[in-house]
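Colleague: Here it is, the structure, as structure tokens.
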């Protein structure tokens, strides 16, 4: 099954790369049919990606969510899923063109990690693993989409009125609303991530919170996005400032995932 997973992983990378190119060509030649083809290719890649994760889990005899490679490929899966849902839900193929490179970069990062299957350490042998990591994947995927939407919002200010992109990108108010929904979804699932992690930590190490670097930066990320929602709801904060906030928030997400593991090793160094 692991050989099948390796083959599927390669096919998925190619599918995501091809979808990214089609999205770019859609913008370049201004043909809506290319956007539909890109969306279908991304959906096909997502299905194969799901199959690859299943094969990894069967081959490893556990949930495929316990090391850098597995979490990175699952992170890419979450980004692809959430972005595709938003593209279809809001009929917004240009979002796919901006999200596809992020998906490809994350799965490219996964490709550079070791694919070796190792025995789980005792602390990871828990039913909480699935709840904790799967909610993190959806949270990170939603924050990735809000990051892309923030970039689009900032670039939209410079787009000429009446052009192709002007017709294919929602107005500022709708863009802001979509980003708000994405951040709300991400914050909800990040809350579940922190809560399930605390319960799991108490079962594994006898303490709900130990100020491990990953825990600390997850809390910092939660505070950043909670402030985004607070300022929006209580102070009417929106528009350009909110878009910059969403972009900066995702930088914190990336540091929580990559930077902490590289620079601040702790009990979460396995993922």
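Computed from the coordinates by the stated procedures, all read-outs in this text should not be read as laboratory data. The structure presented is a predicted model; accordingly, all values stated were derived computationally and were not measured. In this analysis, Cβ positions are derived from the backbone assuming ideal geometry, glycine residues included, and neighbour counts consider all displayed protein chains.
Colleague: Can you sort 116, 70, 215 by how many other beta carbons sit within 10 Å, fewest first?
Modeller: Ordered from fewest to most neighbouring Cβ atoms within 10 Å, 116, 70, 215 come out as 116, 215, 70.
Colleague: I've got another one for you. Give the Debye-formula value of log10 I(q)/I(0) at each listed q (0.07, 0.17 Å⁻¹), with one equal scatterer per alpha carbon of the chain, two decimals each.
Modeller: Cα-only, vacuum Debye calculation for the chain: -0.25, -1.34.
Colleague: Same structure, new question: So which residue, out of 232, 158, 56, gets the largest mean-square fluctuation from a GNM of the chain using Cα contacts under 10 Å as springs?
Modeller: Of 232, 158, 56, the Gaussian network model singles out 158 as fluctuating most.
Colleague: Rg over Rh of segment 1-119, using C-alpha atoms and the Kirkwood radius, what does it come to?
Modeller: Reported Rg/Rh (Cα atoms, Kirkwood Rh): 1.01.
Colleague: Additional query: Can you put 199, 223, 137 in order, fewest other beta carbons within 10 Å first?
Modeller: Numbers: 199 15, 223 12, 137 21.
Going from least to most buried by this count: 223, 199, 137.
Colleague: Report, in degrees rounded to the nearest 10, the 0 to 90 angle that the Cα long axis of helix 213-235 makes with the longest principal axis of the chain.
Modeller: The helix 213-235 is inclined about 40 degrees to the chain.
Colleague: Can you put 80, 182, 126 in order of Cβ neighbours within 10 angstrom, beginning with the fewest?
Modeller: Ascending Cβ contact count within 10 Å gives the list 126, 182, 80.
Colleague: Note down the Stokes-Einstein diffusion coefficient of segment 49-141 in µm²/s, whole number, using a Kirkwood radius over alpha carbon pairs, 25 °C, and 0.890 mPa s.
Modeller: The calculation lands on 175 µm²/s.
Colleague: May I ask you to derive the FRET efficiency for residue 188 and residue 105 from their Cβ-Cβ distance with R0 = 30 Å, giving the value to the nearest 0.05? Please list the in-between numbers first.
Modeller: Values: r = 25 Å, r/R0 = 0.84.
Here the calculated transfer efficiency is 0.75.
Colleague: So what is the relative contact order of the chain, in percent, for Cα pairs below 8 Å that sit 6 or more residues apart? Provide the component values of the computation, followed by the final result.
Modeller: Working: 349 pairs, mean separation 50.4, N = 271.
Relative contact order of the chain: 19 percent.
Colleague: Now a separate question. What FRET efficiency would be calculated for the residue pair residue 172, residue 127, taking the C-beta separation as r and a Förster radius of 45 Å, to the nearest 0.05? Mind dumping the intermediate values first?
Modeller: Numbers: r = 45 Å, r/R0 = 0.99.
Efficiency, from the Cβ-Cβ distance: 0.50.
Colleague: Angle check, please: helix 68-89 long axis (alpha carbons) against the longest principal axis of the chain (alpha carbons), in degrees 0 to 90, nearest 10.
Modeller: 30
Colleague: Here's a follow-up. Would you mind calculating the gained length between residue 89 and residue 210 on full extension (0.36 nm times residue separation, minus the Cα-Cα distance), in nm to one decimal? Each step should come with its number before you reach the end.
Modeller: Values: separation 121, 0.36 × 121 = 43.56 nm, distance 4.01 nm.
This chain segment gains 39.5 nm when fully extended.
Colleague: If I take R0 = 22 Å and measure r between the Cβ atoms of residue 241 and residue 219 in this structure, what FRET efficiency does the formula 1/(1 + (r/R0)^6) give, to the nearest 0.05?
Modeller: 0.45
Colleague: Next question, about the same structure. Taking the 0 to 90 degree range and rounding to the nearest ten, how far is the long axis of helix 172-205 tilted relative to the main principal axis of the chain, both from C-alpha atoms?
Modeller: That works out to roughly 0 degrees.
Colleague: So what is the diffusion coefficient of segment 130-216 in µm² per second by Stokes-Einstein at 25 °C and 0.890 mPa s, using a Kirkwood Rh over Cα pairs?
Modeller: Estimated diffusion coefficient is 164 µm²/s.
Colleague: Which of 167, 49, 132 ends up with the largest GNM mean-square fluctuation for the chain, with Cα atoms connected below 10 Å?
Modeller: Its mean-square fluctuation being the largest, the pick is 167.
Colleague: Further, regarding this structure: What is segment 1-119's relative contact order, in percent, from Cα pairs under 8 angstrom and six or more apart in sequence?
Modeller: 32
Colleague: When the chain is treated as a GNM, springs tying every alpha-carbon pair under 10 Å, which of 20, 159, 39 comes out with the largest mean-square fluctuation?
Modeller: Of 20, 159, 39, the Gaussian network model singles out 159 as fluctuating most.
Colleague: Defining a contact as two alpha carbons under 8 Å apart and six or more residues distant in sequence, what relative contact order in percent does segment 120-271 show?
Modeller: 33
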